[in-house]
1. Can you work out the Karplus-derived ³J(HN,Hα) for every residue in the stretch 285-294? Use 6.51 cos²θ - 1.76 cosθ + 1.60 with θ = phi - 60°, whole Hz, and x for glycine or proline.
2. Provide the gained length on full extension for the span T48 to E107, in nm with one decimal, where the gain is 0.36 nm per separating residue minus the Cα-Cα distance.
3. Hey, which lysines would be in cross-link range of K216, C-alpha to C-alpha under 20 Å, not counting anything within fewer than 8 residues on its own chain?
4. What are the residues whose amide H is under 5 Å from the amide H of I41, where those residues sit 5 or more places off or on another chain and H is modelled from the backbone?
5. Once phi is turned into θ = phi - 60°, what whole-Hz ³J(HN,Hα) does the Karplus curve with 6.51, -1.76 and 1.60 give for every residue of the stretch 188-196, x standing for Gly and Pro?
6. Which ³J(HN,Hα) values, rounded to whole Hz and listed in residue order, are derived for the stretch 61-78 from phi using the Karplus coefficients 6.51, -1.76 and 1.60 in 6.51 cos²θ - 1.76 cosθ + 1.60 with θ = phi - 60°, glycine and proline given as x?
7. I'd like the FRET efficiency for R173 and K59, computed as 1/(1 + (r/R0)^6) with the beta carbon distance as r and R0 of 30 Å, rounded to 0.05.
Amino acid sequence: MSKKPALGRGLGALLQDSETDITIRSSVKEAGHIVGAVANIAISSIETNPFQPRTQFEKEALIELSNSIKELGIIQPITVRKLGYGKYQLISGERRFRASQVIGLTEIPAFIRIANDQEMLEMALVENIQRQDLDAIEVAFSYQKLIEECNLTQEKMSERVGKKRSTVANYLRLLKLPAEIQLAIRTKDISMGHARALVNISDEKKQLTLSRRIVKEGLSVRQVEDIVKERKTEERELNLKKGGVSDLSFSQQKIKDELTEFLKTKVQLQSNSNGKGKLMIPFTSDKELERIIELLGL
């Protein structure tokens with residue numbers, strides 16, 4: 001089986017397609033065989049990308065990049081789209097753009113592309129995820145924005161960015177966490193691993209209490225996972241004593257997640273205090289039912 005490409009369809013298709021590159025097309029007209037030329041553009045004529053997923057730029061890293069550019073120049077051109085009237089909008093390379101402003105450059109080398117707003121959003125998202133260290137919340141917000149504005153399913157979203165559907169789902173689940181925990185993730189007081197464990201706690205107060213313990217006591221991801229697992233076990237035992245429907249065990253939850261991933265539909269699994277339960281596989285059409293049956297080999 002061929003490996004899924006790392007770049008999403010938007011970035012891969014647009015940045016590799018000469019039809020979207022004004023610099024290439026103009027160069028072909030002017031110099032015939034010269035392809036991939038870069039135009040120098042006035043920095044004052046470039047505006048930043050409103051779809052930029054990154055909202056924080058580390059000052060120290062920006063200064064280091066500025067010093068590097070001052071010494072060696074800009075090795076990799078930025079990418080912009082033409083807006084008209086001599087104006088351009090940044091698609092990718094905002095760190096290089098900002099660093100150039102810091103050292104007072106008046107021009108910057110750039111590829112000029114043709115892209116609509118949806119393509120701009122997609123290209124900015126994929127370029128940043130693949131090349132920059134976005135924090136987990138920035139990634140989650142980027143996924144959510146692309147899903148909403150481009151009307152994508154999680155499955156289509158995963159194809160665009162070259163990630164597993166489960167990976168996209170894990171990031172989106174972070175947006176359900178309280179604002180305090182999201183901030184802790186952004187400031188790196190809590191890791192993605194910690195956050196994934198906290199998401200499995202249904203009570204918001206308990207989430208906050210445990211997140212504060214993580215920061216105060218420096219709990220490892222494994223310790224937090226053990227605490228969450230222990231609490232789930234206690235809740236399950238309490239439900240069993242009450243004679244109600246129990247929470248899923250760790251192995252049952254794993255089976256449910258794997259089936260959901262394999263069948264590409266939200267599988268439901270229920271278990272009661274007597275060990276009996278139900279496995280439900282929903283479908284929305286006859287065609288989808290046939291697809292599921294084929295996957296199950298029936």
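1. Per residue, the Karplus-derived 3J(HN,Hα) values read 7, 4, 5, 5, 4, 4, 4, 5, 4, 5 Hz.
2. Full extension of this stretch gives 19.7 nm more.
3. K188, K205, K206
4. I108, A110
5. With coefficients 6.51, -1.76 and 1.60, one gets 6, 6, 10, 8, 4, x, 4, 4, 4 Hz.
6. 5, 5, 5, 4, 5, 4, 5, 5, 5, 4, 7, 10, x, 8, 6, 10, x, 6
7. 0.45
Each value in this text was obtained by applying a stated rule to the coordinates, not by laboratory testing. Because the structure is predicted, anything quoted here is derived from the model rather than measured. Methodologically, a virtual Cβ is constructed for each residue, glycine included, from the backbone with ideal geometry; neighbour enumeration extends over all protein chains shown.
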